[in-house]
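Below: one structure, written as structure tokens.
The values are calculated or read from the model by the stated rules, or taken from the named source; none is laboratory data. Being a predicted model, the structure only gives us computed values, none of them experimental. Please note: Cβ atoms are built from the backbone with ideal geometry, for glycine as well, and neighbour counts cover all protein chains shown. Note: areas computed on protein heavy atoms with side chains; ligands, DNA, RNA excluded. Shrake-Rupley method; radii C 1.70, N 1.55, O 1.52, S 1.80 Å.
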Amino acid sequence: MHSTPVSIHLQVNGQSYCQSILPGSSLLSLLRGLGWMGVHRACESGDCGACTVLLEGDPIHSCLYPAARLNGQRITTIEGLAKDGEWDPMQARFLAGQGFQCGFCTPGMILSARKLCEQRIPSEAQLRDLLRGNLCRCTGYQAILESIQGIPADLPESDLESVGRNVPKQDGPEIVSGQAAYTSDFTPAGLLHLRVLRSPHAHARIRAIDTTQAQALPGVVAVLTHKDVPRQIYSTAGHAEPVPDPLDRFVLDEKVRFVGDAVAAVVAESVAIAEQACQLIQVEYEILPHVLDPLAAMQPGSPCIHDEPEARQIYDASRNLAGYVCLQTGDPEQGFAAADLILENTYHLPAVQHAHLEPHVSTSWLEPVHPEGGESFEQLVVRSSTQVPFHCQRVLSEICGIPRQRIRVIKGKIGGGFGNKQEILTEPLCALATLKTGRPVQWELTRLEEFTTTNSRHAMQIRVKTGVKADGTLTAQEITTYGNAGAYGNHSQTVVFLAGYVPLGLYRCPHKRFEGFAVYTNSMPGGAFRGYGATQGTFAMESQMDEIAHKLELNPIELRLKNVIRPGDALTLGYRDQQEADLKDSHFNLIGSYGLKECFEKIQTAFSTPLPAREGSRHYGRGIALSMQGSGLSKIHIAGIKLSLQPTGRILMLSGAVDVGTGSDTTLRQIAAQVLGIPLTQIDLIAADTGQTPFDAGSYASATLFISGQASQRAAQVLRDKLIQAAAQRLQTDPGQVSFAEGIFSTPQGSLTLQELAQGTPAPIEVELHHAADESSLTFAVAGVEVAVDRETGQIELLKTVQAIDLGTAINPRICHGQVTGGTAMGIGYALSEALIQDEQGQILNPGFRYYRIPTAKDVPPMEVHLIQQADPYGPFGAKGVGEITTNCTAPAIANAVFQATGIRFRQLPLTPERVWSALGEQDKP
């Protein structure tokens with residue numbers, strides 16, 4: 001049956017509309033269809049607030065509001081707030097306080113806050129409660145709350161001296177006005193929409209697919225099954241060549257390996273038609289035995305998940321081992337024999353979802369290209385919310401059989417990624433659909449698909465065995481890790497590697513051993529996630545170290561300081577000793593700057609006031625944790641920068657680097673501006689477009705600032721030298737006589753502006769270079785927390801968090817501060833509430849923000865952040881990576897604080913009230 005359209009009238013931002021819509025259409029879809037793209041689609045269940053608009057002045061979730069209910073009402077979106085070129089006061093506050101990162105939640109936040117502050121500004125505690133309906137995954141809410149309260153960031157008054165200053169994020173005006181162009185905001189003419197039929201079974205072989213009814217549905221343009229796409233094996237992991245991951249994936253396959261695996265795709269004139277057509281596809285499955293537990297999957301007789309002959313780089317498919325790592329230094333048995341205490345524990349870490357508010361989305365089309373002096377051709381263009389546009393280009397070339405130079409991947413503005421958009425998920429089907437139909441195609445995942453068909457942080461079981469002397473000296477350490485790879489290998493072996501390498505490398509110990517298993521199961525795949533294995537390993541090791549301190553009656557800070565690595569130490573895991581590691585020059589990471597002692601001092605000072613043991617049923621505790629993380633991948637991660645002087649006297653920067661909301665589009669320009677001695681605002685930027693910018697490996701491994709930043713610094717230095725030489729030639733003097741500052745070349749004989757130099761120079765003055773770091777400096781972090789545990793309910797309340805980061809030079813302290821608060825909030829969710837729950841059939845039971853609880857503003861306490869700045873000898877202007885490490889320490893610090901409060905050692909996350917209450921009940925039994 002076809003629904004009859006209804007006619008409605010409405011006003012949007014002062015403009016009147018008369019529209020014919022179908023019953024069931026949401027106000028969100030109507031507004032975006034009218035071009036008001038500041039209204040964002042994120043959950044479509046009224047749980048996140050990204051779609052907030054004002055209806056007659058009151059905020060509503062437009063994703064839930066039926067458009068048919070409208071009858072002339074006034075709608076205000078973020079685009080309608082500014083008047084006559086003047087910011088609305090709340091927009092101005094968000095700009096002054098820099099209350100955003102990726103910006104996807106910002107329009108909804110501003111509109112909600114505007115109403116909340118209509119009469120007066122609520123207290124911070126009231127704001128935290130009132131903002132529960134607006135989620136943010138990036139900021140940790142601190143900058144948002146400060147912005148609403150009118151607390152400005154300490155922004156510089158001068159445009160010069162960029163490095164080390166809180167230069168505003170250059171995309172701020174676009175974000176607060178709703179003009180930021182995210183991937184789905186661009187809709188080419190003739191756009192088709194793609195939807196995918198998903199497997200209801202955890203493991204099955206497709207015996208037959210009948211698409212006849214789907215193809216006959218009016219509005220359906222194409223249906224794709226495994227018979228219609230190239231059978232090209234690849235990995236969705238966005239890694240540089242040579243790809244280290246198992247090649248175990250097809251775009252569509254005749255076998256499905258988890259509930260939610262792709263079966264077929266429909267391309268249609270609308271999303272609704274595509275979804276309807278998916279339900280008309282008839283599939284005959286041969287149900288296969290499935291396995292969800294990694295330890296069971298390794299056993300003889302378990303179902304073989306990857307038996308396809310084309311698969312490559314799988315460690316042992318017959319045992320479902322996607323990857324395996326075994327590293328040893330010294331003789332652990334000798335070390336355990338010398339110990340006064342041997343402690344062995346197993347820790348259980350859950351699968352958790354990235355929960356970026358912007359879903360995965362790609363749009364593809366064909367575009368004629370007419371090279372000068374060459375033959376014209378049609379270029380496949382893919383605009384995508386991706387962290388790795390150049391890796392995506394390579395994978396699409398392999399799948400589609402098209403030369404790379406005929407594929408252009410453009411990164412749209414990204415509404416959060418956290419590693420999940422390092423995966424190449426939506427681009428291949430979109431591209432193939434465009435090649436088949438010749439028309440533009442867009443595929444945007446639903447929130448259900450994000451939770452059930454993309455990737456998670458790897459669930460892990462980690463056994464730690466530690467030998468230690470009575471004085472706290474470590475004698476031996478062993479870690480055995482079982483990582484749940486899920487149905488595909490993606491990043492699994494490298495994630496499992498870091499789950500052992502980081503915690504074992506953090507502490508001095510002569511005898512170490514690590515064994516890691518990345519195991520296939522019939523679950524949603526694990527993938528890259530902020531912290532990348534170090535997060536899981538840090539929880540296990542820091543819980544273990546805290547327990548050792550308690551058993552030996554040692555101060556937990558002093559125990560860590562006694563054993564932690566120091567300047568001059570090498571990470572020797574896998575080598576006989578430091579001498580062998582030095583000889584082979586194979587250090588994965590090294591210690592550059594080292595402000596760890598100062599980090600601990602900040603934590604100790606923050607917690608110098610005594611904490612009461614209890615008040616009624618509330619018991620109090622404090623905990624700490626330590627972590628480290630490398631800055632990029634040395635010798636592997638390549639970043640390119642091109643700088644050129646434009647005829648206007650401005651500088652154009654072309655960078656392949658990807659800003660995922662972390663502010664790299666700003667900080668890379670800060671670095672170049674500092675070298676050139678010009679205002680940052682004099683540098684224009686084109687970023688992350690394989691058709692225009694130099695190669696960059698992408699945004700992952702805390703690499704952008706450290707490696708792309710070094711490329712920016714080096715390129716700016718070369719350009720500065722070239723500019724001085726050109727100015728000297730124009731001024732007819734020696735280059736050594738030319739000074740260059742504030743855009744002016746000065747000599748005793750005269751001066752010249754950048755614009756004058758540009759206009760009088762026949763050949764362009766430009767520099768392009770690529771940089772790969774020889775070293776990857778370690779960033780260190782220490783976190784401390786205070787908690788109150790209610791013994792009657794099991795509820796944990798976070799009273800205070802403190803994090804001190806040894807980050808080298810803070811190129812932009814405000815941006816670094818935001819990375820710390822955002823990472824801390826993500827760690828709070830990992831500790832207290834987040835876990836993907838799966839039933840025995842492999843179905844995820846909590847696929848949405850209503851059931852999967854990420855922290856709200858009310859769940860996050862006030863955060864104290866300390867940036868410990870000691871210039872690193874290897875990073876740009878002494879900077880190190882800071883994006884990932886901020887997540888690692890929070891969960892173990894909370895678990896250690898809960899132990900101090902309750903006397904119960906929790907070795908499984910999350911610490912939900914139910915889990916804590918049950919453990920307290922067991923403790924109280926006689």
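See the values below:
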| read-out | value |
| --- | --- |
| Charge dipole magnitude, Cβ of K and R +1, D and E -1 - the chain, Cα centre, debye nearest 20 | 580 debye |
| Area accessible to solvent at I868, 1.4 Å probe radius, in Å² | 20 Å² |
| Cα lying deepest toward the dipole's positive end in the chain, options I885, L288, V468, charges on Cβ | L288 |
| Inter-part distance where the stretch 285-322 and the stretch 877-926 are each reduced to a Cα centre, Å | 33 Å |
| Cα-Cα separations in the stretch 432-560 greater than 20 Å, expressed as whole percent | 55 percent |
| Calculated FRET value between L552 and K115, using beta carbons and R₀ = 41 Å, to 0.05 | 0.15 |
| Order by protection proxy (mean Cβ within 10 Å, highest first), peptides 114-126, 684-696 | 684-696, 114-126 |
| Estimated vicinal HN-Hα couplings, Hz - the stretch 59-66 in sequence order (Karplus 6.51, -1.76, 1.60; Gly, Pro = x) | x, 9, 8, 5, 5, 9, 7, x |
| Ellipsoid semi-axes in whole angstrom, largest first, where each is sqrt(5λ) of the Cα gyration tensor of the stretch 548-702 | 43, 25, 14 |
| Overall dimensions of the stretch 317-474 by Cα: Rg and Dmax, Å | 24.0, 77 |
| Of T236, P525, I273, farthest towards positive along the dipole that unit charges on Lys, Arg, Asp, Glu beta carbons give the chain | I273 |
| Cut-off 19 Å, label 7 Å out along Cα→Cβ of E792, residues of the stretch 898-926 by amide N | 902, 913-925 |
| Alpha carbon centroid spacing (whole Å) that separates the stretch 407-424 from the stretch 749-765 | 39 Å |
| Binned Cα-Cα distances of the stretch 289-393, short to long, each 5 Å bin given as a whole percent | 2, 7, 9, 8, 10, 12, 13, 11, 8, 6, 5, 3, 2, 2, 1, 0 |
| Cα centroid of the stretch 500-518 to Cα centroid of the stretch 367-394, whole Å | 43 Å |
| Set of aspartates and glutamates near K115 by C-alpha distance (under 14 Å), chain-local residues within fewer than 8 positions excluded | E56, D58, D88 |
| Solvent-accessible heavy-atom area per residue, rounded to whole Å², over the stretch 470-560 at 1.4 Å | 20 Å² |
| Computed FRET value (nearest 0.05) for D924 with A871, which takes r as the C-beta separation and R₀ as 60 Å | 0.70 |
| Paramagnetic reach from K858 in the stretch 126-155 [backbone N under 14 Å; point 7 Å along Cα→Cβ] | 126-135 |
| Computed over the stretch 678-758, Kirkwood Rh from alpha-carbon pairs, angstrom | 14.7 Å |
| Computed FRET value (nearest 0.05) for T212 with F377, which takes r as the C-beta separation and R₀ as 45 Å | 0.80 |
| Largest to smallest accessible area among W87, W365, W917 [probe 1.4 Å] | W917, W87, W365 |
| With DNA, RNA and ligands ignored, accessible area of Y324 (1.4 Å probe; Å², nearest 10) | 60 Å² |
| Cross-link table K413/K880; K800/K858; K562/K880; K635/K880; K411/K635; K169/K602, entries beyond 20 Å C-alpha to C-alpha | K413/K880; K562/K880; K411/K635; K169/K602 |
| Accessible surface ranking that places the most exposed of E547, E333 first, with a 1.4 angstrom probe | E333, E547 |
| log₁₀ of I(q)/I(0) at q = 0.10 Å⁻¹ - the stretch 222-328, Debye sum with one point per alpha carbon | -0.39 |
| Size-normalised alpha-carbon gyration radius of the stretch 471-518, reference 2.2 N^0.38 Å | 1.33 |
| Rg ratio (alpha-carbon, reference 2.2 N^0.38 Å) - the chain | 0.94 |
| Amide proton proximity set for R614, modelled H, under 5 Å, gap of 5+ | Y620 |
| DSSP-defined antiparallel bridges as percent of all bridges, the chain, nearest 5 | 80 percent |
